[in-house]
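The structure appears right after this line, and notes come after that.
The values are calculated or read from the model by the stated rules, or taken from the named source; none is laboratory data. Everything numeric in this text was worked out from a predicted model, so none of it was measured. Positions of Cβ are backbone-derived with ideal geometry, glycine not excepted, and every protein chain shown enters the neighbour counts. Side chains are part of the model used for accessible areas, which takes the heavy atoms of the whole protein and leaves out ligands, DNA and RNA. Shrake-Rupley method; radii C 1.70, N 1.55, O 1.52, S 1.80 Å.
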Amino acid sequence: MERSKRKGKLLIFSAPSGSGKTTLVHYLMRQFPQLAFSVSATSRAPRPGEKDGKDYFFLTVEEFKKKIKEGAFVEWEEVYDNQFYGSLKSEVERLQKDGKTVVFDVDVKGGLNIKKIFGDEALAVFVKPPSIGILEQRLRNRSTEDETSIRKRIDRATYELKFENQFDVVIINDELEKAEQESVKLVKAFLG
Ligand code: ADP
């Protein structure tokens, strides 16, 4: 994005799938009215209960690739084979125009890309599971993934955990209530 178009603060929550970043972000959205959720685009199928335009903009692989060509994304990533995720420039600009602090719930590499673009205006938070074993348990309990998808996510998590040190802050999501309180403290300090 062009520098002139940037304004306002941005909060980035990234984590290996199943760590609990969406749970934490939903909690923060209820606590802070000045936060606005940047709806990501994805080519993965909606899970039961997920709404287009609210949880994600659900696109086909072809639609996603077309938008890449058009330069519509702040950042995008093929996180799994043929499963694309990205943040749309139009979405970020719309929320910033409203004077909100934009919140991203994005994969680990996407989060680092956004941090690179926005620098000190952004706080990049890595949500870490207590262990890979617990991450696997949570993915199973969530009941949204089949066995192949769980394996893909666990493999990817091992890779993504290597990027922890590149984030501004790490929150270990062991006991949910504690992680929620820690997130609230962080956001309060960041918003000032
Ligand atoms: P992500 O957005 O990182 O993929 P979710 O927020 O969907 O992860 O969380 C994965 C699953 O783990 C969900 O079923 C969620 O309810 C559960 N969960 C999240 N945080 C905790 C926690 N601290 N303890 C136990 N279960 C959790």
For the chain, what % of the accessible area comes from carbon and sulfur atoms, probe 1.4 Å? 49
Cα gyration tensor shape for the stretch 80-132, rounded if a/c is under 1.5, else prolate or oblate: oblate
Ignoring ligands, DNA and RNA, what accessible area per residue does the stretch 7-191 give at 1.4 Å, in Å²? 49
For the chain, the charge dipole (Cβ of Lys, Arg +1; Cβ of Asp, Glu -1; about the Cα centre) points to a positive end, and the Cα of SER131, PHE118, SER40 closest to that extreme belongs to PHE118
Give me the net charge for the shell around LYS54: Cβ to Cβ below 14 angstrom, other residues only, Lys and Arg +1, Asp and Glu -1. -3
Can you pull the accessible area of GLU78 for me, 1.4 Å probe, Å² to the nearest 10? 80
Per residue of the stretch 60-72, what does 6.51 cos²θ - 1.76 cosθ + 1.60 with θ = phi - 60° give for ³J(HN,Hα)? Whole Hz please, x for Gly and Pro, Karplus curve as stated. 6, 4, 5, 4, 4, 5, 5, 5, 4, 4, 6, x, 7
With T = 10 °C, eta = 1.306 mPa s and Kirkwood Rh from C-alpha pairs, the Stokes-Einstein D of the chain in µm²/s is about 94
What spacing in nm lies between the two simple spin-label points modelled at SER131 and ASP174, each 7 Å away from Cα in the Cβ direction? 1.2
How much accessible surface area, in Å² rounded to 10, belongs to the heavy atoms of ASP52 with a 1.4 Å probe? 110
